[in-house]
Amino acid sequence: MGYDLSLTTADGHTLEAYSAMPDGEPKAGMVIIQEIFGVNEDIRETVDNFSKQGYHAIAPALFDRSESNVVLGFDEEGMTKGIELKNNLNWDDVIKDVNSAIEHVKTAGNVGIVGFCMGGSVAWFAASRCPVQAAICYYGGDINANRSSESPSCPVMFHWGAEDQGIPLEGVKEVESEHPDQESFIYDGAGHGFSCSRRGSYHEESAKTAMKRTLEFAAHNLF
């Protein structure tokens, strides 16, 4: 069963989160990082789905430092607001927020992180800066610009859409060249946000293949 809770960070900030436990003993912890639309129905469903795979899963509300209870629609208005909130983020503060989520689930064992869109970039930063044992990054737009400044200390898996207008394949290739030991997959016919079934850019075949790879990768590195 999923539940809402409050987390407190190392610097005293309080943020909301949604978490879910598996029916049996958890095999590992998993932190789910939101898109720019907040901890919405899709992210909550993702948390629930990871709990069904044996994880104590959690999604921290990363916009809480500037605005609470952010849940945005997948429309132009929601996109504009989400981008504004994302641009106001301080990555060092985000890492503090992520660490508070890790702290909540670490009693389950090893902890992984998976992020979508903005969250894909956060997962990339976490691979270097947080105590996680695996990171999965879905189409993170800030990864390429930070490909050289980050040195992941855990295995990383990347998922990219070949038709993503915001993340040119040239940039994807630069990330792959810089980090050849990490797993990277490009999905033909898929654009940005291809994994989210509630978005117009949803690409079912790519989403299912990416999630299968994600679950296998996570289980291999965390269980």
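Odds and ends about this structure:
- First in the stretch 75-87 and over 15 Å from N40 (Cα atoms), second anywhere and at pLDDT 95 or above and in a helix (DSSP H, G or I), Cβ under 6 Å, 6 or more apart: K86/M118
- Here the stretch 66-96 is the region considered, the condition is being of a type in the set (D, E, K, R) and not in a helix (DSSP H, G or I), and the residue that is surrounded by the fewest Cβ atoms within 10 Å (Cβ to Cβ) is D75.
- So R65, is it touching a helix residue (DSSP H, G or I) at 6+ places or on another chain (Cβ under 7 Å), at negative phi and modelled with pLDDT of 95 or more: yes
- Qualifying residue in the stretch 107-118 (condition: among the hydrophobic types (A, V, I, L, M, F, W, C), within 24 Å of M211 (Cα to Cα), in a helix (DSSP H, G or I) and in contact with a Gly (Cβ under 9 Å, 6 or more places away or on another chain)): yes
- Qualifying position, being among the small types (G, A, S), over 19 Å from F63 (Cβ atoms) and surrounded by fewer than 17 Cβ atoms within 10 Å (Cβ to Cβ), among G112, G189: G189
- Of the residues making up the stretch 19-40, those that are outside any loop (DSSP other than H, G, I, E, B) and in contact (Cβ under 8 Å) with a residue 40 or more places away in the chain are S19, A28, G29, M30, V31, I32, I33, G38.
The values are calculated or read from the model by the stated rules, or taken from the named source; none is laboratory data. Everything numeric in this text was worked out from a predicted model, so none of it was measured. Note that we place each Cβ from the backbone using ideal geometry, even for glycine, and neighbour counts take in every protein chain shown.
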